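Report on the structure given below.
Laboratory data are not the source of any read-out in this text; all were calculated from the coordinates shown. This structure is a prediction, so every number in the text was calculated from the model and none was measured. Note that we place each Cβ from the backbone using ideal geometry, even for glycine, and neighbour counts take in every protein chain shown.
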Amino acid sequence: MRYNLQLNRLLASLSAADLGRFSSQLELIDVSAYEILHESGCQVTYVYFPTTAIISLTHVMNDGFSAEIAVVGHEGLVGISSFMGGDSMTSRAVVLSAGKVIRLNSRFMIEAFEQSEILQHALLGYTQALITMMSQNSACNRHHSLHQRLSRWLLLNFDRLPINHLTITQEMIANMLGVGRKGVTEAASQLQKAGLIHYARGHITLTNRLGLEHRTCECYKVVKKEYERLLPTKVKNVA
């Protein structure tokens, strides 16, 4: 295979036998920032394993406003409904940070899932971690300040990037957090004045991770702990 499956944690954890169930059908593709991979309510044709890209799962309201419910990077996949018994997703999947993803037709994922208990365990563990993130995000949006929420959001994204640099507009961040752009501008300015990030013209650089972790709420650590607990570790690939 011409690309490195080790760049996605779920794929890296699978044995050669389990990968062999669908490896010939995997495709490496480039995705652009703000590209929509699937819309809410539409049938899931593909599942996506990010390697260097970040995908945001968002709820879109009838009035056009949206809010992020979860973020997916190299630790997981987009399209859990394909093996959870649903024909469609209730959220929109939009590319937050451009990069590469490994794509698989959902029918091959369903077949492999039904044939392998090990694969089932890995995917269901990831699904539980994702649900934890969704639940914690909901609580965080209700009870914590925008300053804390922005800190959490930045940390979750930087955890999924190979570098401490994120290209994104304030308007997009506001859409993800479900708030006004002015509030994001003020919160980002406070973090920059504290020396935690550098923000200029749609480019955010993390300059002090430990400091940013101290500024965020407990929600970040809750989610991170669950991902470490539930996501599979790498196994030896044996035939």
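Once the Cβ-Cβ distance of residue 60 and residue 29 is raised to the sixth power relative to R0 = 30 Å, the FRET efficiency obtained is 0.80. Remark: segment 210-223, residue by residue, has Karplus-estimated 3J(HN,Hα) of 4, x, 5, 5, 6, 7, 7, 8, 5, 4, 4, 5, 4, 5 Hz, where x stands for each Gly or Pro and the curve is 6.51 cos²θ - 1.76 cosθ + 1.60 at θ = phi - 60°.
If you rank 81, 138, 151 by fewest surrounding Cβ atoms within 10 Å, what's the result?
138, 81, 151
Placing a label point 7 Å from the Cα of residue 114 along the Cα-to-Cβ direction, the residues of segment 12-34 with a backbone N closer than 20 Å are 18-26.
What is the local net charge at residue 116, summed over the other residues whose Cβ is closer than 15 Å to its Cβ (Lys, Arg +1; Asp, Glu -1)?
-3
With springs only between Cα atoms under 10 Å apart, run a GNM on the chain and tell me which of 125, 202, 76 wobbles the most. Checking each option, the largest mean-square fluctuation is seen for 202.
Considering only the other residues whose Cβ falls under 14 Å of the Cβ of residue 83, what net charge follows from Lys and Arg at +1 and Asp and Glu at -1? So the environment of residue 83 carries a net charge of -3. For 63, 87, 18, 159, the sequence from fewest to most other C-beta atoms within 10 Å is 63, 87, 159, 18. Were the residues from residue 214 through residue 15 laid out at 0.36 nm apart, the gain over their Cα-Cα distance would be 67.8 nm.
Relative to the longest principal axis of the Cα atoms of the chain, the long axis of helix 146-158 makes an angle of roughly 40 degrees.
What ranking of 225, 193, 100 emerges when the number of other C-beta atoms within 10 Å of each C-beta is taken as an exposure proxy, fewest first? Don't skip to the answer; put the middle values down first.
Working: 225 12, 193 9, 100 18.
Ascending Cβ contact count within 10 Å gives the list 193, 225, 100.
The lysine pair tally for the chain, using Cα distances under 29 Å and a gap of 8 or more places or different chains, is 15. Segment 211-231 and segment 124-142 have their alpha-carbon centroids 11 Å apart.
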